[in-house]
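The structure appears below as structure tokens.
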Amino acid sequence: MYGGAADSSPAGSLLVRQVTYLNDEERQRFQLFSDGKIYMIELWRGVVNAILDSVQFSDTLGPEEVGRISSALLTEPLWNLHPAEEYQALVEALRSNEELDTLIRTRYSESELRRFLSSIVAELDHRRPWPEPPFRELPVSGWTRFSDADPIARIDLAWPAIQGPVRRMLRKPVGESRYWLLLQLRSGTEIALVWPGWPGESATALLSTDLATPIQDIVGEVVNSTALDPKFISIIDR
């Protein structure tokens with residue numbers, strides 16, 4: 001999420017280290033499947049740990065930090081969660097009688113952390129209605145839907161360099177040698193990023209099953225929904 005106070009982006013970048021924010025006991029209750037879905041008994045613990053990691057070096061937990069974290073939760077949701085799920089996780093954390101900071105061990109007291117999380121909940125309420133996330137990750141097991149699709153764009157980046165700007169991980173499906181990421185954009189268009197896009201090359205291919213929407217519009221939405229630099233993207237006409 002969310003980087004620390006030194007993060008120069010407006011909301012910080014999404015956390016990719018999903019399992020890092022659970023201790024050994026909590027990790028036993030956590031399963032991360034290859035299709036990117038997350039199942040966790042205590043979802044609130046992972047959300048809280050991610051937030052605390054983001055503010056552990058912050059000088060204060062004042063309005064600026066409340067606004068920064070709230071913006072990140074709404075514009076760059078953790079994992080594949082919806083803002084409503086993040087909100088509910090925080091509500092459940094505040095309702096619990098458990099210690100909140102069991103892993104990160106920030107400098108702040110339990111009461112300070114509870115006030116901070118309560119302020120985030122209040123700020124999220126103030127920002128209703130919440131915007132829909134720019135995209136939703138789809139199960140990688142659906143990659144075969146794109147197997148006959150022709151690339152609509154070439155991204156001159158290998159998969160390790162793609163993951164940061166897209167804020168998601170490319171995965172290798174069972175029975176497939178390439179790495180895939182499937183997304184549904186806010187418009188409803190489904191796309192796939194696949195690497196390598198072409199044999200013997202390091203570029204990533206952008207595929208889509210949407211034949212009705214102009215390619216320029218699809219690529220434009222991908223650029224606007226991610227931090228991908230357009231200079232690395234070349235449109236391929238159908």
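The values are calculated or read from the model by the stated rules, or taken from the named source; none is laboratory data. From a predicted model like this one, the values you see are computed outputs, not experimental measurements. Because the Cβ atoms are built from the backbone with ideal geometry, glycine has one as well, and the counts that use them run over all protein chains shown. The area values use the complete protein model at the heavy-atom level, side chains included, leaving out ligands, DNA and RNA. Shrake-Rupley method; radii C 1.70, N 1.55, O 1.52, S 1.80 Å.
Placing pseudo-labels 7 Å out from each Cα toward the beta carbon at ARG186 and ILE235 gives an inter-label distance of 2.0 nm. In percent, rounded to a whole number, the relative contact order of the stretch 128-186 is 54, using alpha-carbon pairs under 8 Å and six or more apart.
Computed over neighbours whose Cβ is under 15 Å from that of LEU207, the net charge equals -3, Lys and Arg +1, Asp and Glu -1.
Rg/Rh for the stretch 58-163 stands at 1.10; both radii use Cα atoms, and Rh follows the Kirkwood definition. Neighbours of THR189, meaning other residues whose beta-carbon lies under 11 angstrom from its beta-carbon, give a summed charge of -3 when Lys and Arg score +1 and Asp and Glu score -1.
Summary value for the stretch 132-238: 35 percent relative contact order, contacts being C-alpha pairs under 8 angstrom separated by 6+ residues. Which value, in Å² rounded to 10, gives the accessible area of TYR87 with a 1.4 Å probe and all protein chains present? Its accessible surface works out to 40 Å², give or take rounding.
Here LEU94 sits with roughly 50 square angstrom of accessible surface, probe radius 1.4 Å. How many percent of the alpha carbon pairs in the stretch 133-238 exceed a separation of 21 Å? Result for the distance tail: 24 percent. The mean of 1/r over all pairs of different alpha-carbon atoms in the stretch 84-128, once inverted, gives a Kirkwood hydrodynamic radius of 11.2 Å. Charged neighbours of VAL219, selected by a Cβ distance under 12 Å, balance to -3 (K, R count +1; D, E count -1).
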